[in-house]
Amino acid sequence: MGLVEGGHVLVTGGAGYVGSVCAAVLCEQGYRVTVIDDLSTGNREAVPSAAAFLEGDVLDRAPEALADDCAAVFHFAAKSLVGESVESPDIYWHGNVVTSLQLLDLMRAHGVDNLVFSSTAACYGEPEEVPITEEMPTAPTNPYGASKLSIDQIITSYAHAYGLGATSLRYFNVAGAYGATGENRVVETHLIPLVLQVALDAREQIMVFGDDWPTPDGTCVRDYIHIRDLADAHLLAARSNSPGTHRIFNLGSGDGYSVQQVIDTCRDVTGHAIPAVTAPRRAGDPATLIASSARAINELGWAPTRSDLHTIVSDAWAFTSRLGDRAHFARR
Ligand code: UFG
């Protein structure tokens with residue numbers, strides 16, 4: 001049955017960027033929330049104060065939360081660095097696939113049959129065409145994407161065999177901030193937070209990874225989606241999950257922006273010159289990734305309202321400039 005008002009939701013990885021915003025929105029909408037996070041990459045202060053917090057390994061702490069009248073699980077806890085996954089795939093197969101499989105078994109054992117899973121556009125690899133629909137071939141180009149795709153396949157089989165009701169959401173480039181929560185990673189590799197650190201004078205310049213891509217201005221094109229719109233999709237998914245069914249939805253704005261356009265928007269929003277230099281292409285980057293979110297809009301009733309680039313960057317800047325000064329980032 002779909003998640004009903006006031007139900008208890010377990011949010012794994014709820015101290016991370018996406019997990020903490022979803023936990024905050026769940027709390028605001030009157031759900032009872034328990035966050036599990038080992039704080040290996042998340043921040044304790046990102047966990048909403050209204051949520052119960054269990055620090056530690058997901059599999060160690062989940063039984064306690066699942067036994068407490070748990071109605072649904074939002075599973076975010078995962079490793080998510082593409083480069084690291086190429087160098088140390090063991091971390092991704094164990095940390096993402098094995099952990100998720102065991103979490104699903106714990107859910108079964110406790111009779112919890114409602115799951116929202118944090119998946120990724122990396123499942124598709126280099127697309128043959130854009131926008132990318134859910135019917136297109138999945139061909140991940142790195143172990144990170146492969147690990148998330150494998151979990152999707154496990155979920156499908158558990159839905160058919162054991163009556164799990166699940167939704168996998170394949171995010172494109174999530175960005176922006178919501179209230180006191182935004183991108184605040186110890187190891188930052190994402191474009192928008194890095195560009196905004198330049199605007200804060202915490203970095204000297206932004207490196208543009210290639211200006212000779214087959215795109216209108218030669219820099220890579222991505223589909224940016226606002227974190228708050230993304231959170232809405234998770235709640236809609238949990239409310240409409242139905243036992244025995246595994247749905248997969250892409251989540252993006254449907255618009256592509258180049259790295260150059262992102263930097264220009266950051267210049268507009270911050271009023272900073274933001275020096276940029278061209279650097280070699282980054283290994284594994286596809287030229288263009290744009291989502292078709294038609295299925296999420298039609299079937300989930302998802303209605304993104306904040307996913308234009310200017311709003312995304314403005315909200316991210318409000319967060320980054322509040323978060324810190326140069327010293328905050330230099331300590332990292
Ligand atoms: N970029 C730069 N300079 C930087 C950082 C990024 O030019 O300092 C470029 C990248 O080359 C890319 C674009 O900015 O073209 C966006 O890069 P991000 O690292 O912000 O995001 P990605 O598109 O690489 O990654 C996203 C998700 C991943 C997911 C991947 C799927 O964040 O989790 O899409 O391809 F795996």
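The values are calculated or read from the model by the stated rules, or taken from the named source; none is laboratory data. Every value quoted in this text rests on a predicted model; they were computed, and no experiment measured them. Counting neighbours? That spans all protein chains shown, and the Cβs are built from the backbone with ideal geometry, glycine included. Accessible surface areas use protein heavy atoms only, side chains included; no ligands, DNA or RNA. Shrake-Rupley method; radii C 1.70, N 1.55, O 1.52, S 1.80 Å.
Total residues in the stretch 173-191 satisfying the condition of being outside any strand (DSSP E or B), more than 7 Å from the ligand (Cβ to nearest atom) and either surrounded by 20 or more Cβ atoms within 10 Å (Cβ to Cβ) or not β-branched (Val, Ile, Thr) (or both): the figure is 9.
Evaluate the stretch 281-294: report whether one residue or more is free of Cβ contacts under 8 Å to residues at least 60 places away in the same chain, of a type in the set (A, V, I, L, M) and away from the ligand (no atom under 16 Å from the Cβ). Scanning the stretch 281-294 turns up no residue that is free of Cβ contacts under 8 Å to residues at least 60 places away in the same chain, of a type in the set (A, V, I, L, M) and away from the ligand (no atom under 16 Å from the Cβ).
Does ASP217 satisfy being among the charged types (D, E, K, R), surrounded by fewer than 23 Cβ atoms within 10 Å (Cβ to Cβ) and more than 9 Å from the ligand (Cβ to nearest atom)?
On the way: among the charged types (D, E, K, R): yes; surrounded by fewer than 23 Cβ atoms within 10 Å (Cβ to Cβ): yes; more than 9 Å from the ligand (Cβ to nearest atom): yes.
For ASP217, the condition - among the charged types (D, E, K, R), surrounded by fewer than 23 Cβ atoms within 10 Å (Cβ to Cβ) and more than 9 Å from the ligand (Cβ to nearest atom) - is met.
The residue pairs whose first member lies in the stretch 253-272 and is assigned by the TED database to the domain that holds THR305, whose second member is in a helix (DSSP H, G or I) and within 11 Å of the ligand (Cβ to nearest atom), and whose beta carbons are closer than 6 Å, counting only pairs six or more residues apart or on different chains, are VAL262/LEU191; ILE263/VAL195; CYS266/VAL195. How about the stretch 1-20: which of its residues are under 14 Å from PHE117 (Cβ atoms) and among the hydroxyl-bearing types (Ser, Thr, Tyr)? Correct list: THR12 only.
Is the stretch 260-268 home to any residue that is near the ligand (Cβ under 10 Å from one of its atoms), out of contact with any helix residue (DSSP H, G or I) (no Cβ under 8 Å at 6 or more places or on another chain) and over 22 Å from GLY83 (Cα atoms)? Lay out the reasoning, then the answer.
At the first step, the residues of the stretch 260-268 found to be near the ligand (Cβ under 10 Å from one of its atoms) are 260, 262-263.
Narrowing the set further to residues that are out of contact with any helix residue (DSSP H, G or I) (no Cβ under 8 Å at 6 or more places or on another chain) leaves 260.
Narrowing the set further to residues that are over 22 Å from GLY83 (Cα atoms) leaves 260.
The answer is yes, given that some residue of the stretch 260-268 is near the ligand (Cβ under 10 Å from one of its atoms), out of contact with any helix residue (DSSP H, G or I) (no Cβ under 8 Å at 6 or more places or on another chain) and over 22 Å from GLY83 (Cα atoms).
Listed by position, the strands (runs of 3 or more DSSP E) enclosed by the stretch 1-60 that each have at least 2 residues that are open to solvent by 20 Å² or more (accessible area, probe 1.4 Å) are 52-55.
The residue of the stretch 154-172 that is least open to solvent (accessible area, probe 1.4 Å), among those that are of a type in the set (A, V, I, L, M, F, W, C) and within 16 Å of the ligand (Cβ to nearest atom), is LEU169.
Those helices (runs of 4 or more DSSP H) of the stretch 64-147 in which 2 or more residues are away from the ligand (no atom under 16 Å from the Cβ) occupy 99-109. Within this structure, VAL198 fails the test of being among the hydrophobic types (A, V, I, L, M, F, W, C) and either open to solvent by 50 Å² or more (accessible area, probe 1.4 Å) or away from the ligand (no atom under 14 Å from the Cβ) (or both).
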